[in-house]
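Q: Take this structure first; my questions come after.
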Amino acid sequence: MAKKWTKNERRFVGVITVLSLFLAAAPAASAMHIMEGYLPAGQCAVWGVVCLPFLAAGLVGIRRTVKNQRKALILLAMSGAFIFVISSLKIPSVTGSCSHMTGTGLAAILFGPFQVSVLGIIVLLFQAILLAHGGITSLGANTFSMAIAGPIFAWALYMLCKKLKVNRKVSIFLAACLGDLFTYCVTSLQLAAAYPSEAGGFFASAVKFLGVFAPTQLPLAIIEGILTVVIIIGMETYAKPELRDIGFLEEVG
Amino acid sequence: MEKKKSNKGLIIALLALAVLIAVVPLFAQRGADFGGSDDAGSQMVSEITGTEYEPWFTPVLETMLGGELPGEVESLLFCVQTGIGVGIIAFGFGYLVARRKYQKPGETPRADRAAGKAGAV
């Protein structure tokens with residue numbers, strides 16, 4: 001976020017982007033919380049390939065953070081750990097089923113929309129391999145919804161609120177909360193694309209999946225917003241220099 | 001520091017609210033089984049396609065174990081995940097809080113000076 005990307009960095013992301021366009025046969029997969037083996041193989045590959053450019057941009061971003069803002073690394077580590085914690089907590093919801101949060105809003109707000117993709121995929125790999133939660137085949141689709149689409153939405157929303165001069169805590173809450181919900185909307189759309197219903201096609205199916213996920217996720221999204229605000233208050237209190245370093249706090253004091 | 005004090009109240013209120021939101025459904029929906037919404041998603045798949053869907057790929061670990069992961073072990077792994085995360089966050093806040101506590105009065109921590117230590121994380 002600090003300086004312009006160097007030529008090599010641009011080239012790296014560019015090459016990966018082009019590769020991903022051609023590499024439709026890559027054995028990658030995608031998406032959060034779509035179960036193992038539930039997406040057709042073709043779509044698994046497509047989502048995986050779509051993720052590649054974002055992951056490449058994320059890797060470049062993290063390398064730059066390591067190089068230029070070394071002291072902010074601790075915040076990056078904490079944001080990653082936040083995703084670990086938050087996405088391992090299964091919380092009961094009003095609909096009588098359990099779900100869990102994504103936790104990706106924090107890293108997106110602090111570090112921009114790309115670096116979080118790398119943090120997210122680590123968590124998804126952990127869950128897919130050890131917990132049979134999500135899956136290797138659906139890794140691409142899950143990465144796209146949880147580590148890419150959600151965070152980009154959260155980051156864009158936060159930037160918008162900043163432009164509109166909304167109170168910072170309120171904007172953080174909105175960004176983290178709606179970013180979480182957005183993740184599940186994307187998941188619903190991904191499932192709908194895989195299983196269009198016979199009667200109404202893609203949209204009827206999307207509405208059905210949203211009906212399953214949205215009411216369950218709404219209270220959890222609110223919790224995620226709250227926790228993100230709390231942890232940022234903590235960081236603002238104790239990590240002012242780092243936050244200033246990554247451009248989160250501009251004004252001194 | 002009066003600003004910090006007002007934050008303390010806010011943080012407590014926010015955390016209490018978060019716990020409340022998480023706990024209320026347990027009482028509001030007595031007798032519900034609180035299964036995962038991911039499973040609800042797969043039921044919806046069977047409903048839309050009209051047949052019981054056969055996943056074409058089973059999780060790697062299940063293949064290796066020749067069955068599902070025992071429930072207790074699964075909760076162990078979830079705890080490990082939580083533990084790793086909490087550990088890192090606690091380390092981070094411990095580091096940051098102590099840095100501020102032992103700062104000489106009037107001295108502001110600078111990025112380049114903290115760099116070496118933070119980099120070791």
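The values are calculated or read from the model by the stated rules, or taken from the named source; none is laboratory data. Computed from a predicted structure; not experimentally measured. Positions of Cβ are backbone-derived with ideal geometry, glycine not excepted, and every protein chain shown enters the neighbour counts. Surface areas here come from the heavy atoms of the whole protein model, side chains and all, with no ligands, DNA or RNA. Shrake-Rupley method; radii C 1.70, N 1.55, O 1.52, S 1.80 Å.
Q: Can you pull the one-decimal nm distance between simple spin-label points at B:LEU20 and B:ILE84, each 7 Å off the Cα toward Cβ?
A: The modelled label-to-label distance comes out at 3.5 nm.
Q: Based on alpha-carbon atoms only, what is the radius of gyration of segment A:7-252 relative to the globular estimate 2.2 N^0.38 Å?
A: That ratio works out to 1.00.
Q: Stokes-Einstein diffusion coefficient for segment A:148-253 at 10 °C in a medium of 1.306 mPa s, Rh from the Kirkwood formula over Cα pairs: what value in µm²/s?
A: 104
Q: Using a probe radius of 1.4 Å on protein heavy atoms only, what is the accessible area buried between chains B and A, both sides summed, to the nearest 100 Å²?
A: Values: alone 11070 and 12270 Å², together 17520 Å².
Buried area (both sides, nearest 100 Å²): 5800 Å².
Q: Keeping all protein chains in place, calculate the accessible area per residue for segment A:7-252 (probe 1.4 angstrom), answer in Å².
A: Dividing the accessible area of segment A:7-252 by its residue count gives 35 Å².
Q: Using bins 10 angstrom wide from zero, how does P(r) for segment A:53-166 break down, in % of all Cα pairs?
A: 15, 42, 33, 9, 1
Q: Quick one: helix A:7-22 against the long Cα principal axis of chain A, what's the angle to the nearest 10°, folded into 0 to 90?
A: 10
Q: Right, here's the next one. What are the residues of segment A:49-88 that lose 40 Å² or more of accessible area, with a 1.4 Å probe, going from their chain alone to all protein chains?
A: Going by heavy-atom accessible area, the residues of segment A:49-88 that drop by at least 40 Å² are A:ARG70, A:LYS71, A:ILE74, A:MET78, A:ALA81, A:PHE84, A:VAL85, A:SER88.
Q: Quick one: Debye curve from the C-alpha atoms of segment A:99-148, no solvent, what's log10 I(q)/I(0) at q = 0.23, 0.30 Å⁻¹?
A: Normalising to I(0) and taking log10 leaves -0.79, -1.14.
Q: Ignoring any ligand, DNA or RNA, what whole percent of the accessible area of segment A:7-252 comes from carbon and sulfur when the probe is 1.4 angstrom?
A: Percent of accessible area from carbon and sulfur atoms in segment A:7-252: 74.
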